[in-house]
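Contents: one structure, followed by commentary.
The values are calculated or read from the model by the stated rules, or taken from the named source; none is laboratory data. This structure is a prediction, so every number in the text was calculated from the model and none was measured. Backbone-built Cβ (ideal geometry, glycine too); neighbour counts: all protein chains shown. For accessibility, only protein heavy atoms count, side chains too; no ligands or nucleic acids. Shrake-Rupley method; radii C 1.70, N 1.55, O 1.52, S 1.80 Å.
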Amino acid sequence: MILNERDNREKQAMDIAEKMMVAARTAPKGKGVDILECAVVDGSDKQRLADEMRAIAEEKGFKFFLRDALNVEASQCVVVVGTHEKAQGLNCGHCGYASCGERADGVPCAINSVDVGIALGSACSKAADYRVDTRILFSAGLAAQRLGVLECCKQVYAIPVSIDSKSPFFDRKSPAAK
(Lines give C-alpha, C1' and ligand atoms only; values in the text may rest on other atoms or scores of the structure.)
Protein backbone atom coordinates (compact mmCIF):
# COMPACT_ATOMS: atom_id res chain seq x y z
CA MET A 1 0.00 0.00 0.00
CA ILE A 2 1.15 3.54 -0.76
CA LEU A 3 -0.40 6.38 1.18
CA ASN A 4 0.29 9.88 -0.11
CA GLU A 5 -0.06 12.44 2.69
CA ARG A 6 -1.96 14.75 0.35
CA ASP A 7 -4.72 12.16 0.21
CA ASN A 8 -4.93 11.95 3.99
CA ARG A 9 -4.94 15.60 5.14
CA GLU A 10 -8.63 15.82 6.00
CA LYS A 11 -8.44 12.72 8.18
CA GLN A 12 -5.23 13.87 9.85
CA ALA A 13 -6.67 17.33 10.54
CA MET A 14 -9.76 15.81 12.15
CA ASP A 15 -7.61 13.50 14.27
CA ILE A 16 -5.51 16.44 15.48
CA ALA A 17 -8.65 18.55 16.05
CA GLU A 18 -10.01 15.81 18.30
CA LYS A 19 -6.75 15.85 20.26
CA MET A 20 -7.02 19.64 20.51
CA MET A 21 -10.46 19.25 22.09
CA VAL A 22 -8.99 16.83 24.65
CA ALA A 23 -6.29 19.41 25.47
CA ALA A 24 -8.94 22.11 25.89
CA ARG A 25 -11.09 19.85 28.07
CA THR A 26 -8.23 18.92 30.39
CA ALA A 27 -6.88 22.47 30.74
CA PRO A 28 -6.98 23.88 34.29
CA LYS A 29 -10.21 25.63 35.22
CA GLY A 30 -11.03 28.17 37.92
CA LYS A 31 -12.24 26.48 41.11
CA GLY A 32 -12.15 23.18 39.17
CA VAL A 33 -15.54 23.98 37.62
CA ASP A 34 -15.83 22.71 34.04
CA ILE A 35 -18.06 25.02 32.03
CA LEU A 36 -16.35 24.59 28.66
CA GLU A 37 -17.81 23.17 25.47
CA CYS A 38 -15.85 22.07 22.39
CA ALA A 39 -16.79 21.01 18.87
CA VAL A 40 -15.23 20.54 15.44
CA VAL A 41 -16.77 22.02 12.29
CA ASP A 42 -15.89 20.72 8.83
CA GLY A 43 -17.35 20.16 5.38
CA SER A 44 -20.53 22.02 4.51
CA ASP A 45 -20.84 23.30 8.09
CA LYS A 46 -17.41 24.91 7.74
CA GLN A 47 -18.69 26.66 4.62
CA ARG A 48 -21.79 27.81 6.54
CA LEU A 49 -19.43 29.24 9.16
CA ALA A 50 -17.46 31.18 6.51
CA ASP A 51 -20.71 32.41 4.96
CA GLU A 52 -21.94 33.64 8.35
CA MET A 53 -18.66 35.49 8.80
CA ARG A 54 -19.28 37.26 5.49
CA ALA A 55 -22.80 38.13 6.62
CA ILE A 56 -21.42 39.66 9.83
CA ALA A 57 -18.87 41.64 7.77
CA GLU A 58 -21.70 43.01 5.66
CA GLU A 59 -23.89 43.76 8.68
CA LYS A 60 -21.23 45.33 10.92
CA GLY A 61 -18.74 46.59 8.35
CA PHE A 62 -15.88 44.60 9.88
CA LYS A 63 -13.62 43.90 6.89
CA PHE A 64 -11.36 41.52 8.85
CA PHE A 65 -14.25 39.05 8.97
CA LEU A 66 -13.87 38.70 5.17
CA ARG A 67 -10.15 37.91 5.49
CA ASP A 68 -10.85 35.46 8.31
CA ALA A 69 -13.62 33.76 6.30
CA LEU A 70 -11.00 32.98 3.65
CA ASN A 71 -8.82 31.48 6.41
CA VAL A 72 -11.69 29.25 7.52
CA GLU A 73 -12.26 28.09 3.95
CA ALA A 74 -8.53 27.36 3.52
CA SER A 75 -8.49 25.12 6.61
CA GLN A 76 -9.46 21.46 6.78
CA CYS A 77 -11.60 21.96 9.89
CA VAL A 78 -12.29 24.40 12.72
CA VAL A 79 -12.16 23.69 16.45
CA VAL A 80 -14.70 25.74 18.41
CA VAL A 81 -14.26 26.36 22.14
CA GLY A 82 -16.68 28.27 24.35
CA THR A 83 -17.69 28.77 27.94
CA HIS A 84 -21.02 28.88 29.68
CA GLU A 85 -21.70 31.98 31.75
CA LYS A 86 -21.37 31.10 35.42
CA ALA A 87 -20.18 33.48 38.10
CA GLN A 88 -17.61 31.66 40.22
CA GLY A 89 -18.64 33.41 43.43
CA LEU A 90 -15.18 34.71 44.26
CA ASN A 91 -16.23 38.37 44.48
CA CYS A 92 -12.78 39.10 43.02
CA GLY A 93 -13.74 42.30 41.20
CA HIS A 94 -11.94 41.37 37.97
CA CYS A 95 -15.17 41.87 36.01
CA GLY A 96 -15.32 45.49 37.19
CA TYR A 97 -17.92 44.93 39.91
CA ALA A 98 -17.18 44.63 43.63
CA SER A 99 -19.10 41.36 43.95
CA CYS A 100 -20.60 38.69 41.74
CA GLY A 101 -24.07 39.76 42.88
CA GLU A 102 -23.52 43.31 41.59
CA ARG A 103 -22.38 42.19 38.14
CA ALA A 104 -24.69 43.45 35.39
CA ASP A 105 -26.39 41.02 33.01
CA GLY A 106 -24.21 40.34 30.01
CA VAL A 107 -20.93 41.13 31.77
CA PRO A 108 -18.84 37.96 31.65
CA CYS A 109 -17.27 36.50 34.76
CA ALA A 110 -13.53 37.14 34.41
CA ILE A 111 -12.77 33.62 35.63
CA ASN A 112 -14.86 32.22 32.73
CA SER A 113 -12.85 34.37 30.31
CA VAL A 114 -9.56 33.14 31.75
CA ASP A 115 -10.77 29.53 31.58
CA VAL A 116 -11.61 29.73 27.88
CA GLY A 117 -8.29 31.48 27.21
CA ILE A 118 -6.31 28.74 28.93
CA ALA A 119 -8.30 26.09 27.04
CA LEU A 120 -7.58 27.83 23.72
CA GLY A 121 -3.88 27.96 24.55
CA SER A 122 -3.85 24.27 25.44
CA ALA A 123 -5.62 23.37 22.20
CA CYS A 124 -3.19 25.41 20.09
CA SER A 125 -0.27 23.91 21.98
CA LYS A 126 -1.46 20.43 21.04
CA ALA A 127 -1.72 21.50 17.39
CA ALA A 128 1.82 22.86 17.63
CA ASP A 129 2.99 19.45 18.84
CA TYR A 130 2.00 18.18 15.39
CA ARG A 131 3.33 21.28 13.58
CA VAL A 132 -0.17 22.06 12.32
CA ASP A 133 -1.01 25.69 11.54
CA THR A 134 -3.71 27.35 13.61
CA ARG A 135 -4.91 30.80 14.58
CA ILE A 136 -7.44 31.77 17.24
CA LEU A 137 -10.23 33.75 15.59
CA PHE A 138 -12.73 35.86 17.51
CA SER A 139 -14.54 36.42 14.20
CA ALA A 140 -15.16 32.74 13.49
CA GLY A 141 -16.13 32.23 17.14
CA LEU A 142 -18.78 34.94 16.90
CA ALA A 143 -20.12 33.39 13.69
CA ALA A 144 -20.17 29.94 15.34
CA GLN A 145 -22.04 31.42 18.29
CA ARG A 146 -24.62 32.99 16.00
CA LEU A 147 -25.06 29.65 14.22
CA GLY A 148 -25.63 27.87 17.55
CA VAL A 149 -22.58 25.62 17.23
CA LEU A 150 -22.14 25.65 21.03
CA GLU A 151 -25.56 26.40 22.42
CA CYS A 152 -25.62 28.09 25.84
CA CYS A 153 -22.05 29.40 25.48
CA LYS A 154 -21.54 33.12 25.87
CA GLN A 155 -17.87 33.43 24.89
CA VAL A 156 -16.97 31.43 21.80
CA TYR A 157 -13.71 31.36 19.84
CA ALA A 158 -12.65 29.29 16.87
CA ILE A 159 -9.36 27.75 15.78
CA PRO A 160 -9.09 26.82 12.09
CA VAL A 161 -6.70 23.91 11.52
CA SER A 162 -4.58 23.87 8.36
CA ILE A 163 -2.24 21.24 6.98
CA ASP A 164 -0.68 22.79 3.90
CA SER A 165 2.69 23.83 2.51
CA LYS A 166 2.19 27.40 3.72
CA SER A 167 0.12 28.65 6.60
CA PRO A 168 -2.94 30.56 5.40
CA PHE A 169 -2.81 32.46 8.72
CA PHE A 170 0.55 34.14 8.02
CA ASP A 171 1.02 37.11 5.68
CA ARG A 172 -2.74 37.43 5.45
CA LYS A 173 -4.11 39.88 2.93
CA SER A 174 -6.10 42.40 4.91
CA PRO A 175 -8.90 44.44 3.37
CA ALA A 176 -9.23 48.02 4.56
CA ALA A 177 -9.90 47.58 8.26
CA LYS A 178 -12.69 49.30 10.11
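Of the chymotrypsin sites (Phe, Trp or Tyr not before Pro) found in the stretch 131-173, the ones in coil according to DSSP and having at most 12 other Cβ atoms within 10 Å of their Cβ are Phe170. Inter-part distance, the stretch 1-23 to the stretch 69-108, computed on C-alpha centroids, equals 30 Å.
Can you sort Met1, Met20 by solvent-accessible area, 1.4 Å probe, largest first? All intermediate terms of the calculation are to be shown ahead of the outcome.
Working: Met1 215, Met20 0 Å².
Accessible-area ranking of Met1, Met20, largest first: Met1, Met20.
With 0.36 nm allotted per residue and the present C-alpha distance subtracted, the Arg146-Ala128 stretch has 3.6 nm of extension available.
Over its Cα atoms, what ratio of radius of gyration to 2.2 N^0.38 Å does the chain give?
Values: Rg = 17.2 Å, N = 178, 2.2 N^0.38 = 15.8 Å.
Dividing the Cα Rg of the chain by 2.2 N^0.38 Å gives 1.09.
Based on C-alpha pairs under 8 angstrom that are at least 6 apart in sequence, the chain has a relative contact order of 31 percent.
Counting pairs of alpha carbon atoms under 8 Å apart in space and at least six apart in sequence, what relative contact order in percent does the stretch 49-132 give?
Details: 65 pairs, mean separation 16.9, N = 84.
So the answer I get is 20 percent.
Candidate cross-link partners of Lys11 among the aspartates and glutamates, defined by an alpha-carbon separation under 15 Å and a same-chain spacing of 8 or more, comprise Asp42, Asp164. Computed over the stretch 116-164, the alpha-carbon pair-distance distribution with 10 angstrom bins reads 26, 50, 23, 1, each value a whole percent.
Of the Cα atoms belonging to the stretch 93-178, the radius of gyration and Dmax stand at 16.2, 51 Å. Its Cα gyration tensor gives the stretch 1-89 an equivalent ellipsoid; the semi-axes, largest first and in whole Å, are 27, 24, 8. Applying a threshold of 22 Å to the alpha-carbon distances of Lys29/Lys154; Lys86/Lys126; Lys63/Lys126; Lys29/Lys126; Lys31/Lys154; Lys46/Lys86 flags Lys86/Lys126; Lys63/Lys126; Lys46/Lys86 as lying beyond it. Computed with a 1.4 Å probe over protein heavy atoms only, the accessible surface of the stretch 121-166 comes to 48 Å² per residue.
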